[in-house]
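Undergrad: Please read through the structure below; I'll follow up with questions.
Every read-out reported here was derived from the displayed coordinates using simple, explicitly stated rules and does not represent laboratory data. Because the structure is predicted, anything quoted here is derived from the model rather than measured. Backbone-built Cβ (ideal geometry, glycine too); neighbour counts: all protein chains shown.
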Amino acid sequence: MSEPVRRADFGRVSVFFGEKSGKYPDGNQVVVHGTDTHAIFDTPLVANRIGAEVDDAELVILGHVHEDHMAGLHRVPKAAVHVHELDVAAARSWEGLSRHFGLSPDAARKMLEKARKEFHYAPRPDAIAYADGATWQLGGSTVRAIHMPGHTSGHCVLLVEPEGVAFIGDIDLSGFGPYYGDATSSLAQFRRTLARLPEVPARTWVTSHHRGIYTDRGAFLEALAAFAGKIDERSERLLELLRESPRTLDELVRIRLLYPADYEELWVDDVERRTISQHLDELVAAGRVARDEAGRYSAT
């Protein structure tokens, strides 16, 4: 018999930890036991090992849409699924999710195979769109969606009151840093989101991946500052490369900014290209980088 999934409880809110505190490809599962409605946030791989506390859910609220956050949707076919209006198309069909990723056609085909094999991928054409500020009265607890884009265009923090638990999703406070490499991602929006996050009136912060739970505000703010600092570290790394010699975008993608040279995944080149492009746009706008007619970038 498998070991029970490790959990932590905060009033009506329960957090079930995925493998390695929800490190990708797994995640951490939030369950809210309302007296009227039993709700869950996202459905990572660990959702398949929890049992009734997931399987009996009447409501699923997705903080954003990616394959690893849909890995348990097949277990709750009768539950209502709510998704932010800017991410909802990605939940409704593979075509929508593929556009969301922005993968090349060959990578998209392989990604669909991976999603089905490794993440039990099941689209939800019945997904219901919600907007910023949407609330759900569950009986004893209220959930409020706070639009915090950047990771995806529809990424939201889900705040549960009166428990004061904020599910901050893929603002995961990991050592990797913010991810904004999809077609609907935005570096500029992620910067604004990170500046706004401390304003959320929470006492407990739950990440989808890596860190799990913070109950001390000082520790949370310290981790958030380190996480946000990765953005400027990446810009400085690009500047170092461009001080060495002018380089094209293709050359920078081959060198890589995010992933080690020996790391291989379906999305690596596409993600590197979008991430580096956004940093270059910022640096050009700031006058720190120039682009010549041949498409080569150099530090000014």
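Undergrad: Provide D42, D232 in ascending order of the number of other Cβ atoms located within 10 Å of each residue's Cβ, fewest first. Present the calculation step by step, with values, prior to reporting the outcome.
TA: Values: D42 27, D232 11.
Listing D42, D232 from fewest to most nearby Cβ atoms yields D232, D42.
Undergrad: Go through the range 223-232 residue by residue and turn each phi into a ³J(HN,Hα) via Karplus (6.51, -1.76, 1.60, θ = phi - 60°); whole Hz please, and just put x for glycine and proline.
TA: 5, 5, 5, 5, 4, 5, x, 4, 5, 5
Undergrad: Provide the net charge surrounding S235, with neighbours chosen by a C-beta distance below 14 Å and charges set as Lys +1, Arg +1, Asp -1, Glu -1.
TA: Cβ neighbours under 14 Å give a net charge of 0.
Undergrad: Something else: If you split all Cα-Cα distances of the range 231-299 into 10 Å bins from zero, what percentages do you get per bin, shortest first?
TA: Spelled out bin by bin, the range 231-299 gives 21, 58, 20, 2 percent.
Undergrad: Estimate the FRET efficiency between R99 and T35 by the formula 1/(1 + (r/R0)^6), using the beta-carbon distance for r and 45 Å for R0, to the nearest 0.05.
TA: Efficiency at R0 = 45 Å is approximately 0.70.
Undergrad: Please list the non-local residues whose amide H lies under 5 Å from the amide H of G27, H modeled 1.01 Å from N, same-chain partners needing a gap of 5 or more.
TA: Excluding prolines and chain starts, which carry no amide H, the hits are G18, E19, L45, V46.
Undergrad: May I pose another question? If you place +1 on the Cβ of every Lys and Arg and -1 on the Cβ of every Asp and Glu, how big does the dipole about the Cα centre of the chain come out, in debye to the nearest 20?
TA: 120
Undergrad: A further question on this structure: With the crude spin-label approximation of a point 7 Å out along Cα→Cβ, what separation in nm comes out for V200 versus E244?
TA: With each label placed 7 Å out from Cα toward Cβ, I get 3.7 nm.
Undergrad: Give me the net charge for the shell around E3: Cβ to Cβ below 15 angstrom, other residues only, Lys and Arg +1, Asp and Glu -1.
TA: +2
Undergrad: Angle between the Cα long axis of helix 268-285 and the longest principal axis of the chain, 0 to 90 degrees, nearest 10?
TA: With both axes taken from Cα atoms, the answer is about 60 degrees.
Undergrad: State, as an integer percentage, the relative contact order of the chain based on alpha-carbon contacts under 8 Å between residues 6 or more apart.
TA: On the way: 600 pairs, mean separation 41.9, N = 300.
Normalised by residue count, the contact order of the chain is 14 percent.
Undergrad: Between R109 and D216, what is the FRET efficiency for a Förster distance of 30 Å, r being their Cβ-Cβ separation, to the nearest 0.05? The partial results should precede the final answer.
TA: On the way: r = 45 Å, r/R0 = 1.51.
Here the calculated transfer efficiency is 0.10.
Undergrad: Something else: Give the cross-link partners of K110 among the aspartates and glutamates, using a straight C-alpha distance below 15 Å as the criterion and excluding same-chain residues fewer than 8 apart.
TA: Here the aspartates and glutamates satisfying the reach criterion relative to K110 are E67, E95, E118, E264, E265, D269, D270.
Undergrad: Pairs of alpha-carbon atoms within less than 8 angstrom and 6+ residues apart define the contacts here; what relative contact order does the range 231-299 have, in percent?
TA: Relative contact order of the range 231-299: 43 percent.
Undergrad: Cα centroids of the range 166-201 and the range 75-134: how far apart, whole angstrom?
TA: If we compute the Cα centre of each part, the gap is 20 Å.
Undergrad: At what distance in nm do the modelled label points of I255 and A290 sit from each other, each positioned 7 Å from its Cα along Cα→Cβ?
TA: A separation of 1.8 nm, rounded to one decimal place.
Undergrad: Could you name the lysines whose alpha carbon sits less than 21 Å from that of K23, not counting residues in the same chain fewer than 8 places away?
TA: Filter leaves K114, K117, K230.
Undergrad: When Lys and Arg each count +1 and Asp and Glu each count -1, what net charge do the other residues less than 13 Å away from T215, Cβ to Cβ, add up to?
TA: Surrounding charge for T215 is 0.
Undergrad: Hey, another quick one. Residues of the range 260-277 with amide nitrogen under 15 Å from the 7 Å Cα-to-Cβ point of K20?
TA: Answer for the range 260-277: 260, 263-265.
Undergrad: Separate question: Just want the ordering: K230, K78, from fewest to most Cβ atoms lying within 10 Å of their own Cβ.
TA: K78, K230
Undergrad: Could you pull out every residue, at least 5 positions away or on a different chain, whose amide H is within less than 5 Å of the one on H38? Hs are placed 1.01 Å off N in the peptide plane, and Pro or chain starts have none.
TA: For H38, the qualifying residues are E58, L59.
Undergrad: Using only DSSP helix segments of four residues or longer, with each worth -39500 (n - 2.57), what per-residue ellipticity at 222 nm results for the chain after dividing by its residue count and rounding to 500?
TA: Mean residue ellipticity, 222 nm, calculated: -10000 deg cm²/dmol.
Undergrad: Compute the distance in nm between two label points, each set 7 Å from the Cα along the Cα-to-Cβ direction, one at E3 and one at D132.
TA: 4.2
Undergrad: Can you find, among G34, C156, Y180, the residue farthest towards the positive end of the dipole of the range 7-215? Put +1 on the C-beta of Lys and Arg, -1 on that of Asp and Glu.
TA: It is Y180.
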